[in-house]
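The values are calculated or read from the model by the stated rules, or taken from the named source; none is laboratory data. Everything numeric here is computed off the predicted structure, so don't read it as measured data. As a convention, Cβ positions derive from the backbone with ideal geometry for all residues, glycine included, and neighbour counts pool all protein chains shown.
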């Protein structure tokens, strides 16, 4: 099985965000495309949902602890740090209903290669968070 990817960009929260659509062998059918299209069409809504999930998950504290030295200053609280995170990528996986979309956040690529990744299922519910590099 061969993996293929389509790449583009969208605007979300005043920033350019990379979008990649991953599929195996043949391009996804219309139903699969519809399943993932809403993640870019409603990117601002999913960005808010992802940020709520980050705020409530211990991964934010781990990311903060891991990057205090890299940032050169300690943010006064997690809310301040959360505002510094920005969406840089939306990965779409129409063939994976439990991990249909992944929103990747960073404080800055010039600061770190670590991301906070928020995964959504095909229904649009958050299914997990992770700190990744």
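For segment 97-133, enumerate the residues that are surrounded by fewer than 15 Cβ atoms within 10 Å (Cβ to Cβ) and not in a strand (DSSP E or B).
97, 98, 108, 109, 110, 111, 113, 123, 125, 133, listed by residue number.
Can you pull out every residue in segment 1-39 that is within 22 Å of residue 131 (Cα to Cα) and free of Cβ contacts under 8 Å to residues at least 60 places away in the same chain?
Once the filter is applied, which keeps residues that are within 22 Å of residue 131 (Cα to Cα) and free of Cβ contacts under 8 Å to residues at least 60 places away in the same chain, segment 1-39 yields only 16.
In segment 53-69, which residue that is assigned to a helix (DSSP H, G or I) and touching a strand residue (DSSP E or B) at 6+ places or on another chain (Cβ under 8 Å) is modelled with the lowest pLDDT?
Of segment 53-69, the ones assigned to a helix (DSSP H, G or I) are 53-56, 59-69.
After this cut, where a residue has to be touching a strand residue (DSSP E or B) at 6+ places or on another chain (Cβ under 8 Å) as well, the list is 53-54, 59-60, 62-63, 66.
Values: 53: 93, 54: 89, 59: 70, 60: 72, 62: 73, 63: 70, 66: 67.
This residue is 66.
Within segment 1-34, track down each residue that is buried (at least 17 other Cβ atoms within 10 Å of the Cβ), touching a helix residue (DSSP H, G or I) at 6+ places or on another chain (Cβ under 8 Å) and not in a strand (DSSP E or B).
Answer for segment 1-34, where residues must be buried (at least 17 other Cβ atoms within 10 Å of the Cβ), touching a helix residue (DSSP H, G or I) at 6+ places or on another chain (Cβ under 8 Å) and not in a strand (DSSP E or B): just 28.
Of all residues in segment 70-84, which are assigned to a helix (DSSP H, G or I) and modelled with pLDDT of 60 or more?
Step one: of segment 70-84, the residues assigned to a helix (DSSP H, G or I) are 70-71, 78-84.
78, 79, 80, 81, 82, 83, 84, listed by residue number.
If we keep just the residues of segment 40-51 that are part of a helix (DSSP H, G or I) and without any contact (Cβ under 8 Å) to a residue 12 or more places away in the chain, which is farthest from residue 78 (Cα to Cα)?
41
Condition check: surrounded by fewer than 15 Cβ atoms within 10 Å (Cβ to Cβ) and under 16 Å from residue 103 (Cα atoms). Does residue 42 satisfy that? Spell out how you get there, then give the answer.
Values: surrounded by fewer than 15 Cβ atoms within 10 Å (Cβ to Cβ): yes; under 16 Å from residue 103 (Cα atoms): yes.
Yes; evaluated as a whole, the condition is true for this residue.
Which members of segment 87-96 meet the condition of being in contact with a strand residue (DSSP E or B) (Cβ under 7 Å, 6 or more places away or on another chain) and either surrounded by fewer than 19 Cβ atoms within 10 Å (Cβ to Cβ) or more than 17 Å from residue 63 (Cα to Cα) (or both)?
Passing the criteria: 88, 89, 90, 91, 92, 93, 94, 95.
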